[in-house]
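**Q** Handing you a structure now.
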Amino acid sequence: MLKVDMAKCFDRIDHQALLANLPAPPGIRRQVRAWLRSGIMEDDVCSPTTAGTPQGGSVSPLLALIALHGMDTAITQVYPEARVIAYADDCMVLHEDRSVLEHCQHLFTTWLAEIGLTLNVAKTHIHHTLEGDQPGMDFLGVPHSSISGGNPPIRERTPTPPAARVQNADHTRQGQRQGASGRARADHSQQSGLAPSGLDPSTQPQDPRLGQLLSDLG
């Protein structure tokens, strides 16, 4: 994969090239032009901006995306199977053939020159996702690499020892017997008219409202 680094992208974007790459209504184009010409305020002194966008400004990533729109097409028109991933001035190209990636670097150089930008050759590299001392690379703060042999291995479950299985089965049967015994005692209590504790219901405290209801029914 090819990691592309642009030299001072936010400082050198050509305003006219950016506006030419913006198919928008006149009102939006005027607003974008005003953003580009707003200047930079530093120590109460406003400096005009004749090129680039203020790096760190909230609108700068949007303006960079507008200026760099079509950069991926410059690659995929030549190599449709290539994958181009870009955000603002960060870009990465994925392809299995190193010679294709080398040509992609040349295509980037040609395309960026049209909008006043150049590649930072010292920071533009081709990385292998498997080979080398440090395979893969970091892109947008996320490491990218491949795993040899396909999918990562699946962790196998640790088999339960036979003694533990027998013990678990004994606990299960014991719980079932206790549950059946409890249900049998409850059924016997209901049939004999005894309270769950085994005492006569007449000796148990009753709700006064229940007594009034029985009196009214009688």
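The values are calculated or read from the model by the stated rules, or taken from the named source; none is laboratory data. All values derive from a computational prediction rather than experimental measurement. Virtual Cβ from ideal backbone geometry, glycine too; neighbours counted across all protein chains shown. Accessible surface areas use protein heavy atoms only, side chains included; no ligands, DNA or RNA. Shrake-Rupley method; radii C 1.70, N 1.55, O 1.52, S 1.80 Å.
**Q** Applying the selection to the stretch 88-119, what residues are surrounded by fewer than 16 Cβ atoms within 10 Å (Cβ to Cβ), at pLDDT 90 or above and within 25 Å of HIS15 (Cβ to Cβ)?
**A** THR109, THR110, ALA113, THR118
**Q** Search the stretch 50-87 for residues being assigned to a loop (DSSP other than H, G, I, E, B), in contact with a Ser or Thr (Cβ under 7 Å, 6 or more places away or on another chain) and over 19 Å from HIS128 (Cα atoms), and hand back the single one that is most open to solvent (accessible area, probe 1.4 Å).
**A** Filtering the stretch 50-87 for residues that are assigned to a loop (DSSP other than H, G, I, E, B), in contact with a Ser or Thr (Cβ under 7 Å, 6 or more places away or on another chain) and over 19 Å from HIS128 (Cα atoms), the one most open to solvent (accessible area, probe 1.4 Å) comes out as PRO54.
**Q** Still on this structure: Kindly indicate whether any position in the stretch 7-22 is within 25 Å of the chain's Cα centre (by Cα) and without any contact (Cβ under 8 Å) to a residue 40 or more places away in the chain. Lay out the reasoning, then the answer.
**A** Taking the stretch 7-22 first, the residues within 25 Å of the chain's Cα centre (by Cα) are none.
No, the stretch 7-22 contains no residue that is within 25 Å of the chain's Cα centre (by Cα) and without any contact (Cβ under 8 Å) to a residue 40 or more places away in the chain.
**Q** Which fully enclosed strands (runs of 3 or more DSSP E) of the stretch 1-48 have 2 or more residues being surrounded by 13 or more Cβ atoms within 10 Å (Cβ to Cβ)?
**A** Values: elements: 2-5, 40-42, 45-47.
In the stretch 1-48, the matching strands (runs of 3 or more DSSP E) lie at 2-5.
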